[in-house]
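Beneath this line is the structure, given in structure tokens, with notes to follow.
The values are calculated or read from the model by the stated rules, or taken from the named source; none is laboratory data. A quick note: this is a predicted structure, and the numbers were derived from the prediction, not measured. Cβ coordinates were reconstructed from backbone atoms using ideal geometry, including for glycine residues, and neighbour counts include every protein chain displayed.
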Amino acid sequence: MRDFRPDHRWLSMNTATVRKQRGEPWPLPQILDACAKRGVRAVSPWRDQVAAAGLAATASQLKAHGIELSGYCRGGLFTYTDETSRQAVRDDNLRALDEACTLNAPCLVLVVGGLPGALAGKAAHKDIALARSQVAEGLAWLLGEARARRMPLAIEPLHPMYAADRACVNTMAQALDLCDALDPARSGALGVAVDAYHVWWDPQLQAQIERAGRERLLAFHVCDWLVPTTDLLEDRGMMGDGVIDLPRLRGWVEAVGFAGYSEVEIFSRANWWQRDGGEVIDTCIERHRRCV
């Protein structure tokens, strides 16, 4: 396993971690400047932040700073209620693919969606099997478009607490079943993003990481699970502040050949988003060396 103690060469900042400072939005250009100042070599930006800053301007700034991407957030949300919403999903995913290509991302991360309408507060139905079938359909379609652009897709299984509204793919096994069905040749075009927050609890996690192998492990996200957790979406912990054995998890990932970035992704409305952004990045650097 790589030794992260001497430096932070393999740290990536997911820009959601510092999307706010002191409770106010922190613009992406300032985030990138702050990362570059501290020698952070990679980021994973969110589409809304890129849209606010401008796609071309973001690509130019990344190039000027010599910062690469560990992923691009996000595509997916495949479930729909009618042909109009189905087409809207496809159009949005095409835009996400093209943005990822412009930014030279190594993969487009996919949050696949739950029951249609649930994210807005009113689910259109209760048929999660139908939702999962629509996810498989949407993935199959998007994979063809992604292959044409040579942009790998990374399915991110989310914790089961998000099954209704954000993602009805909730385990590594479910995600890898989709990969095996749609990309049996293990071409590298379709894989998974392993987010510690979402999968640390799974008793089959080590076996599923081994099943994935290097070809399917496209991204690795780290943070911590706090006890108690006060908000299921926006109370993620800084590495070392919770109960996830991050070094063990990274050891499993690296044992099958993953040698990419550990991407820090923390949503923290009451804590880290209330602090100075530079302080947060500095803390991520220190904890990455000591706790990941």
> In region 241-286, what count of residues is obtained for those that are under 17 Å from HIS8 (Cβ atoms) and not in a loop (DSSP other than H, G, I, E, B)?
Replying inline: 17
> Limited to region 90-121, what total is found for residues that are within 11 Å of ARG149 (Cα to Cα) and either modelled with pLDDT under 95 or basic (Lys, Arg) (or both)?
Replying inline: 0
> What pairs can you find where one residue is in region 177-198 and in contact (Cβ under 8 Å) with a residue 24 or more places away in the chain, the other is surrounded by 15 or more Cβ atoms within 10 Å (Cβ to Cβ) and among the basic types (Lys, Arg), and their Cβ atoms are less than 7 Å apart, with a gap of 6+ or different chains?
Replying inline: CYS179/ARG216; ARG186/ARG216; ALA189/ARG147; GLY191/ARG216; VAL192/ARG216; TYR197/ARG236
>> When you scan region 201-210, do you find a residue that is without any contact (Cβ under 8 Å) to a residue 24 or more places away in the chain and either in contact with a Pro (Cβ under 8 Å, 6 or more places away or on another chain) or within 30 Å of LYS20 (Cα to Cα) (or both), even just one?
In response: no
> Do we find a residue being of a type in the set (S, T, N, Q), in a helix (DSSP H, G or I) and either over 21 Å from the mean Cα position of the chain (by Cα) or under 19 Å from VAL109 (Cβ atoms) (or both) anywhere in region 3-15?
Replying inline: yes
>> Can you confirm whether VAL264 is crowded, with 22+ Cβ neighbours inside 10 Å, under 23 Å from VAL109 (Cα atoms), touching a strand residue (DSSP E or B) at 6+ places or on another chain (Cβ under 7 Å) and at pLDDT 95 or above?
In response: yes
> Quick one: which of ASP177, ASP202, ASP195, ASP241 is among the charged types (D, E, K, R), at pLDDT 95 or above and under 16 Å from the mean Cα position of the chain (by Cα)?
Replying inline: ASP195
>> Checking ALA57 against (1) within 14 Å of the chain's Cα centre (by Cα); (2) in a helix (DSSP H, G or I): exactly one of these is not met. Which one?
In response: (1)
> Taking region 90-108 only, how many residues are over 18 Å from ALA59 (Cα atoms) and surrounded by 21 or more Cβ atoms within 10 Å (Cβ to Cβ)?
Replying inline: 1
> Which condition number does GLU210 fail, the rest of (1) crowded, with 20+ Cβ neighbours inside 10 Å; (2) part of a helix (DSSP H, G or I); (3) not assigned by TED's automatic domain parsing to the domain that holds PRO45 being met?
Replying inline: (1)
> If you go through region 9-52 one residue at a time, how many are surrounded by fewer than 18 Cβ atoms within 10 Å (Cβ to Cβ), in contact (Cβ under 8 Å) with a residue 60 or more places away in the chain and in contact with a Leu (Cβ under 7 Å, 6 or more places away or on another chain)?
Replying inline: 0
>> Checking LEU233 against (1) in the same structural domain as ARG269 (by TED's automatic domain parsing); (2) touching a strand residue (DSSP E or B) at 6+ places or on another chain (Cβ under 8 Å); (3) hydrophobic (A, V, I, L, M, F, W, C): exactly one of these is not met. Which one?
In response: (2)
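Yes/no matrix, rows are residues, columns are (1) surrounded by fewer than 18 Cβ atoms within 10 Å (Cβ to Cβ); (2) on the phi > 0 side of the Ramachandran plot; (3) part of a helix (DSSP H, G or I):
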| site | (1), (2), (3) |
| --- | --- |
| ALA136 | yes, no, yes |
| LEU139 | no, no, yes |
| ALA154 | no, no, no |
| MET161 | yes, no, yes |
| VAL194 | no, no, no |
> Which of the residues belonging to region 112-134 are small (Gly, Ala, Ser) and surrounded by 15 or more Cβ atoms within 10 Å (Cβ to Cβ)?
Replying inline: GLY113, GLY114, GLY117, ALA118, ALA123, ALA124, ALA131
